[in-house]
């Protein structure tokens, strides 16, 4: 019997595949927003993840289903990857999705290899080509080779920044006609802005980032120790393997009493609303959600000029861009905002305006879900 496909919002089943369930970071927040948006439109979303963890706890709280894929992980390991491929194929055939959503490179490779076996379209979101950063040259080269071999197996690719798209095209791993730049977006924290405030006390510089090599808290702490402005606290939101090492660094630098370690938090917006300046000191990025959250909260942003950060932060308008790994440049930029309340207000307002024009969650979801529906309905037509 032939299935009738219309442009009405017929129910789609979307499988979302991601290689991490132990943390809630940018890619998992993006994926969760996608799942929520699909469900609001009447579609069905199911996650395929390595196993239980902090992220799956959140999914279960919201009633979003997930399935375990043993062996699924970020690193290349032939035996584990082969096991993950077999497990994913079995789970996919049982779920029978209309669209497969592959988040990041490992999931992207497995899903594209599965595409012809299960006959379902794949939408791939690389999330900054993570294999190409902070890895040995041989591993990075292998990652680019895999991407090149699989470039024709995606029905559509979503890059979250122009930087990510341009790098993929330069490396010959993207087909331009199948590639769509859809910038990240976050929900409006206006409720938190209206209810949260700080009564006096020192100024606050806040950073939201996992304690990993990529985020380079080492440079941030070095810069904080060099600030001319001393009536200020550094508020660090996030967790990770390098946190204890950075705590020891703060002790050595003599700034431990002025650094607050809040760990991983669900309620970031209320802390942003009480801060004065936001900073992110990453060594590489695509389009970080934390900066968009800070702009939405009306904060000036001082960030390293890497990846797609310059698509968010307008230097000398919404904040300042500094070279990565340069504590002196970072300290100078932070001091400029800490010393000038008018500049902080004007830059924060400009950032908020830019957020409202380009980076809301509604804008991101409207474009992203429209693409998923287009691919999904086309796939159903071919399968009919």
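The residues in segment 54-72 that are in contact (Cβ under 8 Å) with a residue 24 or more places away in the chain, part of a loop (DSSP other than H, G, I, E, B) and surrounded by fewer than 16 Cβ atoms within 10 Å (Cβ to Cβ) can be counted, and the count is 1.
Count of segment 29-53 residues, restricted to those that are touching a residue at least 60 places away in the same chain (Cβ under 8 Å) and under 20 Å from residue 88 (Cα atoms), is 1. If only residues of segment 99-130 that are part of a strand (DSSP E or B) and in contact (Cβ under 8 Å) with a residue 40 or more places away in the chain are counted, the one that is farthest from residue 306 (Cα to Cα) is 99. The set of residues in segment 280-308 that are farther than 15 Å from residue 29 by Cβ and part of a helix (DSSP H, G or I) contains only 295.
Just one residue in the set 297, 303 is in contact with a helix residue (DSSP H, G or I) (Cβ under 9 Å, 6 or more places away or on another chain) and farther than 20 Å from residue 212 by Cβ; that residue is 297.
Does residue 140 meet the test of being assigned to a helix (DSSP H, G or I), touching a helix residue (DSSP H, G or I) at 6+ places or on another chain (Cβ under 8 Å) and modelled with pLDDT under 95? In short, yes. When residue 221 is tested against (1) modelled with pLDDT of 95 or more; (2) within 22 Å of the chain's Cα centre (by Cα); (3) at negative phi; (4) not assigned by TED's automatic domain parsing to the domain that holds residue 110, just one condition goes unmet, and that condition is (2).
The criterion of being within 14 Å of residue 188 (Cα to Cα), at pLDDT 95 or above and out of contact with any strand residue (DSSP E or B) (no Cβ under 8 Å at 6 or more places or on another chain) holds for residue 298. Any idea how many residues of segment 246-273 are surrounded by fewer than 13 Cβ atoms within 10 Å (Cβ to Cβ) and under 16 Å from residue 215 (Cβ atoms)? Qualifying residue count for the region: 1. When residue 335 is tested against (1) assigned by TED's automatic domain parsing to the domain that holds residue 276; (2) assigned to a helix (DSSP H, G or I); (3) under 22 Å from the mean Cα position of the chain (by Cα), just one condition goes unmet, and that condition is (3). Could you check, for segment 364-379, whether at least one of its residues is surrounded by 14 or more Cβ atoms within 10 Å (Cβ to Cβ) and assigned to a loop (DSSP other than H, G, I, E, B)? No, segment 364-379 contains no residue that is surrounded by 14 or more Cβ atoms within 10 Å (Cβ to Cβ) and assigned to a loop (DSSP other than H, G, I, E, B).
Residues are listed down the side, and each one gets a yes or a no for (1) surrounded by 16 or more Cβ atoms within 10 Å (Cβ to Cβ); (2) within 25 Å of residue 273 (Cα to Cα); (3) at pLDDT below 95:
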site: 167; (1), (2), (3): yes, no, no
site: 172; (1), (2), (3): no, no, no
site: 196; (1), (2), (3): yes, yes, yes
site: 203; (1), (2), (3): yes, yes, no
site: 208; (1), (2), (3): yes, yes, no
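The values are calculated or read from the model by the stated rules, or taken from the named source; none is laboratory data. Predicted, not measured: the structure shown is a model, and the values here were computed from it. All Cβ positions, even for glycine, are placed from backbone atoms using ideal geometry, and neighbour counts span all protein chains on display.
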